[in-house]
Amino acid sequence: CKLAPGELAHVVRRLAPVNHPDLLVGSATGDDAAVWRLDDQRALVVTADFITPVVDDARTWGRVAAANAVSDVYAMGGRPLLALNLVGWNSEELSTDLLGDVLLGAQDVADAGGFVIGGGHTIDDPEPKFGLAVVGEADPNRLLTNAGFRAGDVLVLTKPLGVGVITTAIKQGDAPIDVVDAAQASMTRLNAEAATVALGCGATGATDVTGFGLLGHLGRAVVESTVDATIEVGAVPLLPGTRELAESGAMPGGSRRNLDWADHLLDRGGFGDLDALLMADAQTSGGLVFGVAPERADEALVALTATGHVAAIVGHVVARGGDGSHRLRLV
């Protein structure tokens, strides 16, 4: 349900740049959240995210939407403190009991993540929407940003791709129950442990993989970090059933828009549309992709695996090409 990245960039270009010494991360880099320095040791991390339903069960949708929103704080290397519910609800068609289930799902995530939901705002809306505005904190000297990827880094992805394909199949009534269960488990897993691992292994560059897909989010990151990157397509984990559902036509429009935007950065390396679209698959509450020095990569994978993640080394960051262009290369 996101605006296409190209359309969003066109809108943001019209806004006056915000320059303030305490705004450590703002809209200029298109990062996951804003960061405001309070002092030399503390910074606030602020974000907001809401989505339309991606699963049938109301409480599960609440959990997914909350995990998706709070992911932006983890992607900056922060921890969430306080959140507010953001609700659009069709009160003529949907019961308030269902809304209560959605809010209980968000509370489940807040309890698991150790933060507090202190209220919120509701509007009547023909299309139900739910999410959170979140305030977190981080060490301003140990941030993860999309401008922090370094040539020589190994790229670690902390969750499989495929949520966009599977949620599309759910809407079409074509997703097997075991595939749905795997997607829901992935979407409701918090990125807290992944962020801890990234920071512990010396990462400085990271982004979460959500609506713009791996190609969209990593594509923006290589631009902001003035580097290039290779993605090893065969190494990228996919949720069970993803490729089969994609081959049968369950491909979200958002994934196609993501690929349209990323194509000007992309060397497909002989891969066809299906593989490229899977790399651009529009995720909801996806994992992190972060860069670590090669000698720390195995350490990161061991730590992620020990906490139950399906993680993988999926590529490398390389020095920017001599012609000055920014590229992602599929290999």
Query raised in the report: Of VAL46, VAL55, VAL109, which residue is part of a helix (DSSP H, G or I), closer than 23 Å to GLN283 by Cα and either open to solvent by 20 Å² or more (accessible area, probe 1.4 Å) or not charged (D, E, K, R) (or both)?
Result: VAL109
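Yes or no, residue by residue, for (1) in a helix (DSSP H, G or I); (2) at pLDDT 95 or above; (3) over 16 Å from the mean Cα position of the chain (by Cα):
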{"site": "VAL223", "(1), (2), (3)": "yes, no, yes"}
{"site": "GLY234", "(1), (2), (3)": "yes, yes, yes"}
{"site": "ALA246", "(1), (2), (3)": "yes, yes, yes"}
{"site": "HIS264", "(1), (2), (3)": "yes, no, yes"}
{"site": "PHE271", "(1), (2), (3)": "no, yes, yes"}
Query raised in the report: So which pairs qualify, if the first residue must be in region 113-126 and small (Gly, Ala, Ser), the second must be assigned to a loop (DSSP other than H, G, I, E, B) and surrounded by 10 or more Cβ atoms within 10 Å (Cβ to Cβ), the Cβ gap must be under 9 Å, and the two must be at least 6 apart or on different chains?
Result: GLY113/LEU190
**Report entry** Search result, residues across region 177-207 that are without any contact (Cβ under 8 Å) to a residue 12 or more places away in the chain and not acidic (Asp, Glu)
**Finding:** ILE177, ALA185, THR196
Query - Members of region 253-282 that are farther than 24 Å from ARG150 by Cα, open to solvent by 20 Å² or more (accessible area, probe 1.4 Å) and out of contact with any Pro (no Cβ under 8 Å at 6 or more places or on another chain) - result: GLY253, ARG256, ASP260, GLY270, PHE271, GLY272, ASP273, LEU274, ASP275
Query - Criterion (of a type in the set (Asp, Glu) and in contact with an Asp or Glu (Cβ under 9 Å, 6 or more places away or on another chain)) met by exactly one of GLU193, GLU232, GLU224 - result: GLU224
Query - Scan of region 283-330 for residues that are open to solvent by 40 Å² or more (accessible area, probe 1.4 Å) and either assigned to a loop (DSSP other than H, G, I, E, B) or without any contact (Cβ under 8 Å) to a residue 24 or more places away in the chain (or both), ordered by number - result: GLU295, ASP298, VAL302, THR305, ALA306, THR307, GLY308, VAL310, ARG320, GLY322, ASP323, ARG327
Query - Scope region 184-216; condition hydroxyl-bearing (Ser, Thr, Tyr) and part of a helix (DSSP H, G or I); matching residues - result: SER186, THR188, THR196
**Report entry** Subset of region 151-176 [open to solvent by 50 Å² or more (accessible area, probe 1.4 Å) and either free of Cβ contacts under 8 Å to residues at least 60 places away in the same chain or more than 24 Å from ILE51 (Cβ to Cβ) (or both)]
**Finding:** ALA151, LYS171, GLY173
Query raised in the report: Which one of these is modelled with pLDDT of 95 or more, among the hydrophobic types (A, V, I, L, M, F, W, C) and over 30 Å from ASP139 (Cα atoms): VAL70, VAL54, VAL102?
Result: VAL102
Query raised in the report: Can you name the condition, by its number, that SER91 falls short on among (1) touching a strand residue (DSSP E or B) at 6+ places or on another chain (Cβ under 7 Å); (2) surrounded by 23 or more Cβ atoms within 10 Å (Cβ to Cβ)?
Result: (2)
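The values are calculated or read from the model by the stated rules, or taken from the named source; none is laboratory data. Not measured: the values here are computed from a predicted model. Cβ sites come from the backbone with ideal geometry, for glycine too, and all protein chains shown count toward neighbours. Accessible surface areas use protein heavy atoms only, side chains included; no ligands, DNA or RNA. Shrake-Rupley method; radii C 1.70, N 1.55, O 1.52, S 1.80 Å.
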